[in-house]
Amino acid sequence: MGKKAKTAIVPTREENYAEWYQQVIKLADLAENSEVRGCMIIKPWGYAIWENIQKHLDKMFKDTGHKNAYFPIFIPKSFLEKEAEHVEGFAKECAVVTHSRLEDDGKGGLKVAGELAEPYIVRPTSETIIGDSFARWVNSYRDLPLLINQWANVVRWELRTRLFLRTAEFLWQEGHTAHATELEARDETKKMLDVYAEFAEKYLAIPVYKGEKSESERFPGAVATFCIEAMMQDKKALQAGTTHFLGQNFAKASGIRFQNKDGEMEYAWTTSWGVSTRLIGALIMAHSDDNGMVIPPRVAPAHVAIIPIIKDSDQEELVMDYVTSLRDELKDVVFDGRNIEVELDTRDMTFSERSWDWIKHGIPIRIELGIRDIENDSIYFGRRDMEPKEKVSMQRTDFITSISSILADIQNNYYDRALCFRNDNTVEFDDKKEFYKFFTLRNPNTPKIHGGFASAHWCGSPECEEKIKGDLKVTIRCIPEDAKGENGFCINCGAESKRRVLFAKSY
RNA sequence: CGGGAUGUAGCGCAGUUUGGUAGCGCGUUCGGUUCGGGACCGAGAGGCCGCUGGUUCAAAUCCAGUCAUCCCGACCA
């Protein structure tokens, strides 16, 4: 039979999904492990993706009335203790600062000294320290709503880490808002969930399900938690963003009170919401293939790589003049409100090595230009949404005028592919046996990608949820917000149910 | 934090069962031949065999401890 096609990533997704993920990150130069256990070093190509995520999201936050601010990385232990559920939720994974300086230990090393009166917690999230500020900033109903966002790093001392998906330190944004009424706070929670969903679909090209978390999956201290859930190529779910309606829990804990129009004191209603560098993990697992990283053009660090092919030193000047002028011309073209960014790759490598390197990095368009193309004034290029060898030629002027629409086309193709994959692997179940079969490996000795999203009825009891989790390691990812009212019977206990929920294995 | 696996050249690995000169492939350096499809030939360079201790005339190899990484669990964005 035919030989297996050579892939740039070994192993393939099918062969070993977890290892494939690591290799994509490595060969695309996105990030690496650091000397500090569980913490990652984000390399320039990976960080540039984060910068693009930040840029677009930040604009969406500003457009919805939010302002950026910055709060301390250290939280007094007493702050964290104010909200009972909250402290219980985070206590097990906190980095604690207990000393303020180092002293010579007399043996050529250093010892810790200067014990603090009260330990500081390196923020795992900032509800409590921001709440403390809000309590001082809010006095009257005229001070509300208060709409704040912070771009920051947080630390959660995770025991099992994976680059981008779960690291001890990660970068994120956390929105924190305070409102005069419950309705307004609930609307904010909903609005920001819509912002996240729109961002995921339009920029990251990842379709998501929006919905509410069940009680067991709720953020510690929240009244209600909402999320966007995306399907990865191993058919597992990844929570890509969350928003929380905090009720008056944190307002009471931090003392965020205001005088209403009638002159009475009331507690504010607060929300919080966040997305993190985990989105880069989502990008990798939603789009990338056996040849490496795939990055949607709207968040790609660069759109085009130009690879000049120089066979003789006497061609060099001609080719280089041509490619630099092409680069400059491309840089004047605007795609998605941003000038096209070009990598001119003159590294001393064969051009096919350079071409493969850019495939692995996920650049949307690769241009390979030699003397033959230049004589015809044509551009020979490959698209990352097509096979590596499936390349085409186009007249230079045509290429310049159509590059924006080509990039838009690539962006759409990634989304359509991900949407098809997700829809093909989202299945409705009404029979418990079938449901269990869907999530059970045929042969546990040879793990294979299996399962998907299962839409099934749930009576609402934590016991049924727990049973399914215990049996199958499958959890309720969300109660979809657009689920139509439908009578049925709980997939576990058979009791009456009024709506379907989404079950899946998750990251 | 429990179970399993793995740490040997920049990367990927063999060698460990049975202790006795440190190996292979890729990459890299130099020379040559090729040159529009991840080139070929030749010659080099490159190692506290994760770390600490023990056993031994002798340890990559045996023993104890320790650290790190990966996988599976529990926990979580």
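The values are calculated or read from the model by the stated rules, or taken from the named source; none is laboratory data. For clarity, every value in this text was computed on a predicted model and none was experimentally measured. Cβ: placed from backbone, ideal geometry, glycine included. Neighbour counts: every protein chain shown.
Which fully enclosed strands (runs of 3 or more DSSP E) of the stretch A:390-507 have 2 or more residues being farther than 30 Å from A:Gly337 by Cβ?
On the way: elements: A:391-395, A:426-429, A:453-457, A:475-480, A:500-504.
Correct list: A:426-429, A:453-457, A:475-480, A:500-504.
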Next item on the list: Could you tell me which residue of the stretch A:276-333 is surrounded by the most Cβ atoms within 10 Å (Cβ to Cβ), considering only residues that are away from RNA strand B (no atom under 13 Å from the Cβ) and among the polar types (S, T, N, Q)?
Entry: A:Ser288
Next item on the list: Output the residues belonging to the stretch A:205-219 that are over 25 Å from A:Ile284 (Cβ atoms) and not in a loop (DSSP other than H, G, I, E, B).
Entry: A:Glu212, A:Glu215, A:Ser216
Check: Does the stretch A:361-372 hold any residues that are surrounded by 20 or more Cβ atoms within 10 Å (Cβ to Cβ) and either without any contact (Cβ under 8 Å) to a residue 40 or more places away in the chain or outside any strand (DSSP E or B) (or both), and which are they?
Finding: A:His361, A:Gly362, A:Ile363, A:Pro364
Margin query: For A:Tyr196, only one of the following conditions fails: (1) surrounded by fewer than 24 Cβ atoms within 10 Å (Cβ to Cβ); (2) in contact (Cβ under 8 Å) with a residue 60 or more places away in the chain; (3) out of contact with any His (no Cβ under 8 Å at 6 or more places or on another chain). What is its number?
Written below: (1)
Next item on the list: Return only the number of the condition from (1) in contact with a Ser or Thr (Cβ under 9 Å, 6 or more places away or on another chain); (2) within 30 Å of A:Ala205 (Cβ to Cβ); (3) part of a helix (DSSP H, G or I) that A:Thr125 does not satisfy.
Entry: (3)
Margin query: Looking for something without any contact (Cβ under 8 Å) to a residue 40 or more places away in the chain and more than 29 Å from A:Pro296 (Cα to Cα) - is there at least one such residue anywhere in the stretch A:177-184?
Written below: yes
Notebook entry, point to check: Across the stretch A:169-183, what is the total count of residues that are more than 16 Å from RNA strand B (Cβ to nearest atom) and in contact with a strand residue (DSSP E or B) (Cβ under 6 Å, 6 or more places away or on another chain)?
Noted result: 4
Checklist line | The lone exception for A:Phe351 - which of (1) in contact (Cβ under 8 Å) with a residue 12 or more places away in the chain; (2) more than 9 Å from RNA strand B (Cβ to nearest atom) it fails | finding: (2)
Notebook entry, point to check: In the stretch A:411-437, what residues are more than 18 Å from A:Ser497 (Cβ to Cβ), touching a strand residue (DSSP E or B) at 6+ places or on another chain (Cβ under 6 Å) and surrounded by 19 or more Cβ atoms within 10 Å (Cβ to Cβ)?
Noted result: A:Arg422
Note to self: Let me spell it out: the conditions are (1) crowded, with 17+ Cβ neighbours inside 10 Å; (2) within 16 Å of RNA strand B (Cβ to nearest atom), and A:Val342 meets all of them except one. Which number is the exception?
What the structure shows: (2)
Note to self: Looking at the stretch A:156-167 only, could you name the residues that are in a strand (DSSP E or B) and either small (Gly, Ala, Ser) or buried (at least 20 other Cβ atoms within 10 Å of the Cβ) (or both)?
What the structure shows: none
Next item on the list: Tell me which residues, restricted to the stretch A:29-38, are modelled with pLDDT of 90 or more and either among the aliphatic types (A, V, I, L, M) or in contact with a Ser or Thr (Cβ under 6 Å, 6 or more places away or on another chain) (or both).
Entry: A:Leu30, A:Ala31
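A quick yes/no check of all residues on (1) within 10 Å of RNA strand B (Cβ to nearest atom); (2) among the hydrophobic types (A, V, I, L, M, F, W, C):
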site: A:Glu217; (1), (2): yes, no
site: A:Pro220; (1), (2): yes, no
site: A:Val223; (1), (2): no, yes
site: A:Phe226; (1), (2): no, yes
site: A:Gln248; (1), (2): no, no
site: A:Ser254; (1), (2): no, no
site: A:Lys261; (1), (2): no, no
Margin query: Being modelled with pLDDT of 95 or more and surrounded by fewer than 22 Cβ atoms within 10 Å (Cβ to Cβ) is true for just one of A:Thr401, A:Thr350. Which residue is that?
Written below: A:Thr401
Check: Is there any pair linking a residue in the stretch A:278-297 that is more than 17 Å from A:Glu229 (Cβ to Cβ) to one that is assigned to a helix (DSSP H, G or I) and among the basic types (Lys, Arg), with Cβ under 6 Å and at least six apart or on different chains, and which?
Finding: A:Gly292/A:Lys360
